[in-house]
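K.L.:
Structure in structure tokens, see below.
The values are calculated or read from the model by the stated rules, or taken from the named source; none is laboratory data. None of these values were measured; they are calculated from a predicted model. Cβ placement follows ideal geometry from the backbone for every residue including glycine, while neighbour counts extend to all protein chains displayed.
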Amino acid sequence: MKILVMQCSSTAYRCPIKYKFFDMNNETLLSKGLVEKVESESWVLHHNPTNKPIKDISVDEPDYTCAISAILTALTDKNCGVIQSIQEIDAVGFRVVHGGEKYSKPLIITPDVENFLEECSAMAPLHNPYNIAGIKACENLLPNVPMVAMFDTAFHQTMPAKAFLYGIPYEAYEKHGVRRYGFHGMSHQYVSERTAVLMDKPLSQLKIITCHLGNGASLAAIQYGKSVDTSMGFTPLDGPIMNTRCGGIDPAIFPYLMKKEGLSMEHMDSYLNSRSGVLGLSGVSGDFRKIILSAQKGNERAEIALDVFAYTIKKFIGQYMAAMNGVDAIIFTAGIGENSPSLRAKICTGMEFIGVEIDPCRNDITGVEREISAAGSKIKLFVIPTNEELMIARETRAVCASLA
Ligand code: ADP
């Protein structure tokens, strides 16, 4: 069974589309790629077939239908392709950011599902509308192929009410669905499943804290395979400070700053989402590599930004140890979690009292799966590169099998 996995994001992002194409008979990656916006605002597909050279293909128009059409053409091209015809694509799996409370499992996309996702767009305006645009484009280009949606929020639907309710009038939850949803579900699920394999123990016996540290950063407390708490909330703005997002702050700051700075709601939204986080603190960049370099050169605000980042993450780790009455393993994943030994060390240092001991030599790695805790560390530490797309492909295969 061959499955195409699509991640469609906002056209405002540098990469509006990422794809991976798997042969799920043996879970091998046949090809991957991304569509990148270039300076002239036009889109270029970087098509990367396994064991063949990367090919850059310009997309006729900067829209989802043209870009996905270019992906399908590349997949079937006689030189850079990996299949003979699009008939070999058995199913398409989509990452959808917000599924509300209604969808806690992956499912076949029907017109009813699409209508509900449109309703959820108000809660994820930067994500759901673009996820839906990608789905519609694929439906047009691949009619009769099953389309499966998997939700970033779904994995966290196991959280108990004490973890997902906010301390505001209950009617806000009942009438408007205001509650903690959590995001990055597929990544937290994937790395927790890998942890069980690496520790050679059933997931149902493990307490794990997963730290997904990318441009968006979120942590999850995973007790016996189920998410019991997570740091992102009603939207992906909550949690530790992130690249350009403020993370959790005192809500009274909003009206105060709006008044002081004369900011409108829209300005406030971009202030908190795009101008805050380590970018806002350091004044250097939202890219952690640049901030680390700047701190190494003596920039104090860059150093402070990194300190705040690591400190807010450490506090979540502490909270989740308390929430689960202990922890067996802490996992680092995504761009920063996989690639930054210095930030992993900064986060772990100072938790030796509770049994967290990082091994500096083992920690000196980027982008590979490895235990990084010291030999005697009571709590195990691992770097596990995430693979959200494989998770989506596995679930898509399972949903399709249940139809047969
Ligand atoms: P996204 O959240 O958009 O999927 P990623 O998971 O790829 O993104 O994470 C991107 C982030 O990872 C960027 O902020 C980048 O600076 C950071 N990153 C990548 N490599 C390193 C590195 N070697 N050291 C520190 N940060 C890194």
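K.L.:
For region 292-316, name all the residues that are in a helix (DSSP H, G or I) and more than 16 Å from the ligand (Cβ to nearest atom).
P.N.:
E300, R301, I304, Y311, K314, K315, F316
K.L.:
Would you confirm whether any residue within region 349-357 is under 22 Å from the mean Cα position of the chain (by Cα), modelled with pLDDT of 95 or more and not aromatic (F, W, Y)?
P.N.:
The answer is no; no qualifying residue exists.
K.L.:
Do the conditions hold for D200, that is, is it farther than 30 Å from S270 by Cα and out of contact with any strand residue (DSSP E or B) (no Cβ under 9 Å at 6 or more places or on another chain)?
P.N.:
When the stated conditions are applied, D200 passes them.
K.L.:
Taking the condition over 19 Å from A124 (Cα atoms) and either modelled with pLDDT of 95 or more or assigned by TED's automatic domain parsing to the domain that holds F382 (or both), does D200 pass?
P.N.:
yes
K.L.:
Could you tell me whether any residue of region 317-328 is within 16 Å of the ligand (Cβ to nearest atom) and either at pLDDT 95 or above or small (G, A, S) (or both)?
P.N.:
No, region 317-328 contains no residue that is within 16 Å of the ligand (Cβ to nearest atom) and either at pLDDT 95 or above or small (G, A, S) (or both).
K.L.:
Given the residues G355, G337, which is the only one that is in contact with a strand residue (DSSP E or B) (Cβ under 7 Å, 6 or more places away or on another chain) and within 12 Å of the ligand (Cβ to nearest atom)?
P.N.:
Of the residues listed, the single one that is in contact with a strand residue (DSSP E or B) (Cβ under 7 Å, 6 or more places away or on another chain) and within 12 Å of the ligand (Cβ to nearest atom) is G337.
K.L.:
Can I ask one more? Hey, does region 251-262 have a residue that's without any contact (Cβ under 8 Å) to a residue 24 or more places away in the chain and of a type in the set (V, I, T)?
P.N.:
Yes, region 251-262 has at least one match.
K.L.:
Can you name the condition, by its number, that R289 falls short on among (1) part of a helix (DSSP H, G or I); (2) surrounded by fewer than 17 Cβ atoms within 10 Å (Cβ to Cβ); (3) away from the ligand (no atom under 16 Å from the Cβ)?
P.N.:
For R289, the exception is condition (3).
K.L.:
Every residue in region 118-170 that is in a strand (DSSP E or B) and within 20 Å of P236 (Cα to Cα), please.
P.N.:
Across region 118-170, the qualifying residues are A149, M150, F151.
K.L.:
Scan region 349-363 and give yes if some residue there is among the small types (G, A, S) and either assigned to a loop (DSSP other than H, G, I, E, B) or touching a Leu at 6+ places or on another chain (Cβ under 7 Å) (or both), otherwise no.
P.N.:
Checking region 349-363: at least one residue is among the small types (G, A, S) and either assigned to a loop (DSSP other than H, G, I, E, B) or touching a Leu at 6+ places or on another chain (Cβ under 7 Å) (or both).
K.L.:
Taking region 192-251 as the search range and keeping residues that are among the charged types (D, E, K, R) and closer than 19 Å to F382 by Cβ, which one is surrounded by the fewest Cβ atoms within 10 Å (Cβ to Cβ)?
P.N.:
Among those residues, the one meeting the criterion is D200.
K.L.:
Let me ask you something else. Only residues that are in the same structural domain as H212 (by TED's automatic domain parsing) and among the small types (G, A, S): list them for region 350-404, please.
P.N.:
G350, G355, G367, S373, A374, A375, G376, S377
K.L.:
Please go through region 1-29 and pick out each residue that is β-branched (V, I, T), crowded, with 18+ Cβ neighbours inside 10 Å and in a loop (DSSP other than H, G, I, E, B).
P.N.:
none
K.L.:
Applying the selection to region 210-246, what residues are part of a strand (DSSP E or B), in contact (Cβ under 8 Å) with a residue 60 or more places away in the chain and either within 15 Å of the ligand (Cβ to nearest atom) or not charged (D, E, K, R) (or both)?
P.N.:
Matches in region 210-246: T210, C211, H212, L213, A217, L219, A220, A221, Q223, S227, V228, T230.
K.L.:
Pairs please, first residue from region 144-159 and more than 15 Å from T396 (Cβ to Cβ), second anywhere and in a strand (DSSP E or B) and of a type in the set (D, E), Cβ atoms under 9 Å, 6+ apart in sequence or on different chains.
P.N.:
H156/D229; M159/D229
K.L.:
Give me a count of the residues in region 28-44 that are modelled with pLDDT of 95 or more and over 15 Å from Y13 (Cβ atoms).
P.N.:
6
K.L.:
Select, from A137, A91, A133, the only residue that is surrounded by 14 or more Cβ atoms within 10 Å (Cβ to Cβ), within 21 Å of S402 (Cα to Cα) and not assigned by TED's automatic domain parsing to the domain that holds D269.
P.N.:
The conditions single out A91.
K.L.:
Going through T366, T386, T396 one at a time, which residue ends up being crowded, with 16+ Cβ neighbours inside 10 Å and within 14 Å of the ligand (Cβ to nearest atom)?
P.N.:
After applying the criteria, what remains is T386.
K.L.:
For the structure I just gave you, tell me whether S270 is away from the ligand (no atom under 16 Å from the Cβ), without any contact (Cβ under 8 Å) to a residue 60 or more places away in the chain, under 21 Å from the mean Cα position of the chain (by Cα) and part of a helix (DSSP H, G or I).
P.N.:
yes
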